[in-house]
Amino acid sequence: MSPMAGVSDSPGRIMSRRYGADFSFTEFGSADFIASSHPDTLKLYRFTEEERPIVFQIFGSDAHSIRLAVQKLRPLDPDRLDLNMGCSVNRVAMKGAGAGLLRNPEEAGRLVEVMRKQSGLPVSAKIRLGWDDQKRNYLEVGRILQDSGACALSVHGRTASQGYRGQADHQPLRELTSALSIPVFGNGDLQNYEQAMDLIRGNALAGALLGRASIGNPFVFSPSRHILPTEKIEAARHHLELSLSFHGYRGLFVFRKHLSRYLDFLAPEMRKEYLTEVDAVALERSLATLQERLNGVGKAATA
């Protein structure tokens, strides 16, 4: 499961693992906030044993903050650390962090070295193809990161200036797998398991990261098949329970982005009833009633 703010929280990671993901990333946290023990940021790195292998992703541009952040995170015992070099949001990239590091790959290499030495753990990085189409420096970045000791590289097939516009370009992946000796993972616009496997096989990749397609759709991590509405509701109920357990009452609202996709078999006006519910107990009851009704319809149809 790809790192996504507000999506790859502990409940999201648990669902992805239960439905076939091999590993998952945390949401990315600011090295400055981690270093200062900001409680909301440290919560991003809470996980259960069920989620292993778990990769902690952080972003930052200052080696001192990165070192302090790793000191804070290391006792939590992640399986791997990852440096975010793909976030193109202005408040991150324009400060030299996230995708901003694509414009300073030597510094990115130093940060990877700091993370490795401070943690004693494998350290990977997630990048984009470059800052913009005039500076698609993915090969240079990949080589520097490899030379700095990065254990793997994940590549989103867009530039920072693209954000999420246009189509992901996966053609550079073959160049990277040929030029580097470390594992390379592909990312961007993958809609299902089969697309991910085609990308892996076609470019000699170590794997692929599924992101937005997994929102309210943990089934994407397994071979495609027709998912019954009752299966979607069952998964939604488990996800809601996990979200409430992890986030408390706020979990109801965090869960809504997933619920819309889980209930995509309903007409929009019918979905609205569930998406606007502000009582978690009432929502669970409504989902259970819907599941029972659909189960009854299914049994009647096969009788």
Task: Within the stretch 276-290, tally of residues that are more than 19 Å from PRO11 (Cβ to Cβ) and in a helix (DSSP H, G or I) - done: 5
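Please find, within the stretch 162-171, the residue that is surrounded by the fewest Cβ atoms within 10 Å (Cβ to Cβ) out of those that are under 21 Å from the mean Cα position of the chain (by Cα) and either more than 15 Å from SER2 (Cβ to Cβ) or of a type outside the set (Gly, Ala, Ser) (or both).
In the first step, residues of the stretch 162-171 are kept if they are under 21 Å from the mean Cα position of the chain (by Cα); the result is 162-170.
Pick out the ones that are also either more than 15 Å from SER2 (Cβ to Cβ) or of a type outside the set (Gly, Ala, Ser) (or both) and you get 162-167, 169-170.
Values: GLN162: 19, GLY163: 12, TYR164: 12, ARG165: 8, GLY166: 11, GLN167: 10, ASP169: 17, HIS170: 22.
In this case the residue turns out to be ARG165.
Can you tell me which residues in the stretch 131-161 are crowded, with 22+ Cβ neighbours inside 10 Å, of a type outside the set (D, E, K, R) and farther than 27 Å from HIS64 by Cβ? Lay out the reasoning, then the answer.
Going residue by residue through the stretch 131-161, those that are crowded, with 22+ Cβ neighbours inside 10 Å are 138, 141-142, 145, 150, 153-160.
Those still in the list that are of a type outside the set (D, E, K, R) too: 138, 141-142, 145, 150, 153-157, 159-160.
Matches in the stretch 131-161: TYR138, VAL155, HIS156, GLY157, THR159.
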Open item on the list: Only one of ARG80, ARG128 is of a type outside the set (Val, Ile, Thr), buried (at least 18 other Cβ atoms within 10 Å of the Cβ) and farther than 16 Å from GLY29 by Cβ. Can you tell me which?
Closed with: ARG128
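Quick check: is even one residue across the stretch 195-204 touching a Leu at 6+ places or on another chain (Cβ under 6 Å) and assigned to a strand (DSSP E or B)?
Within the stretch 195-204, the first condition is being touching a Leu at 6+ places or on another chain (Cβ under 6 Å), and the residues that meet it are 196, 203.
Subset that is assigned to a strand (DSSP E or B): none.
No, the conditions are met nowhere in the stretch 195-204.
The rows are residues; the columns are (1) of a type in the set (A, V, I, L, M, F, W, C); (2) outside any loop (DSSP other than H, G, I, E, B); (3) buried (at least 19 other Cβ atoms within 10 Å of the Cβ); (4) touching a residue at least 60 places away in the same chain (Cβ under 8 Å).
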{"position": "THR26", "(1), (2), (3), (4)": "no, yes, yes, no"}
{"position": "THR41", "(1), (2), (3), (4)": "no, yes, yes, no"}
{"position": "SER88", "(1), (2), (3), (4)": "no, no, yes, yes"}
{"position": "LYS95", "(1), (2), (3), (4)": "no, no, no, no"}
{"position": "GLU106", "(1), (2), (3), (4)": "no, yes, no, no"}
{"position": "ARG110", "(1), (2), (3), (4)": "no, yes, no, no"}
TODO: Within the stretch 135-186, count every residue that is among the small types (Gly, Ala, Ser), touching a Gly at 6+ places or on another chain (Cβ under 8 Å), free of Cβ contacts under 8 Å to residues at least 60 places away in the same chain and assigned to a helix (DSSP H, G or I).
DONE: 1
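Looking at PRO229, is it more than 18 Å from LEU275 (Cβ to Cβ), touching a residue at least 24 places away in the same chain (Cβ under 8 Å) and not β-branched (Val, Ile, Thr)? Break it down stepwise before answering.
Numbers: more than 18 Å from LEU275 (Cβ to Cβ): no; touching a residue at least 24 places away in the same chain (Cβ under 8 Å): yes; not β-branched (Val, Ile, Thr): yes.
For PRO229, the condition - more than 18 Å from LEU275 (Cβ to Cβ), touching a residue at least 24 places away in the same chain (Cβ under 8 Å) and not β-branched (Val, Ile, Thr) - is not met.
Bear in mind that the values in this text are calculations on the coordinates, not laboratory data. Just so we're clear, the structure is a prediction, and the values are computed from it rather than from any experiment. Every residue, glycine as well, gets a Cβ built from its backbone with ideal geometry; the counts of neighbours run over all protein chains shown.
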